[in-house]
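The values are calculated or read from the model by the stated rules, or taken from the named source; none is laboratory data. Since we're looking at a predicted model, the values are computed, not measured. Because the Cβ atoms are built from the backbone with ideal geometry, glycine has one as well, and the counts that use them run over all protein chains shown. The area values use the complete protein model at the heavy-atom level, side chains included, leaving out ligands, DNA and RNA. Shrake-Rupley method; radii C 1.70, N 1.55, O 1.52, S 1.80 Å.
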Amino acid sequence: MALILVVEDEALLRWSLVRRLEGVGHRVLQAGSAAEARAALADGAPDLLILDLSLPDGDGLDFLEACRARTEPAVDRSSR
């Protein structure tokens, strides 16, 4: 099954998502803030990210862009 990172600041909603995903066999990491999510990503990239857009310490879309920049291979545009 997949490794999923759930980033949600509302504890009850996060708990519910984690419980449901684990119940169908996924491994789940969880974070309640962008800082906690960054720390969780230090161990490697998950297969799936479930991300709240409004976090107490940042914007979810900004966090997503930072994740994408970190995981996407560099593209050499000089030859175009």
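Ligands, DNA and RNA left out, the accessible area of the chain computed with a 1.4 Å probe is 52% carbon and sulfur. Annotation: per residue accessible area for the chain equals 70 Å², rounded to a whole number [probe 1.4 Å, protein chains only].
Tally Lys and Arg at +1 and Asp and Glu at -1 over the other residues with C-beta under 15 Å from the C-beta of R27: what net charge comes out? Present the calculation step by step, with values, prior to reporting the outcome.
Working: positive: R19, R20; negative: E22, D43, D47.
Surrounding charge for R27 is -1.
For n ≥ 4 DSSP H runs only, could you compute -39500 (n - 2.57) per run for the chain, divide by its residues and tell me the 222 nm figure to the nearest 500? Intermediate results must be reported in sequence, preceding the final value.
On the way: 3 runs with 33 residues, N = 80.
Per the formula, -12500 deg cm²/dmol.
How much length would be gained if the chain were fully extended between A42 and R27, taking 0.36 nm per residue of separation minus their Cα-Cα distance, in nm to one decimal?
Numbers: separation 15, 0.36 × 15 = 5.40 nm, distance 1.61 nm.
Once the chain is fully extended between A42 and R27, it gains 3.8 nm.
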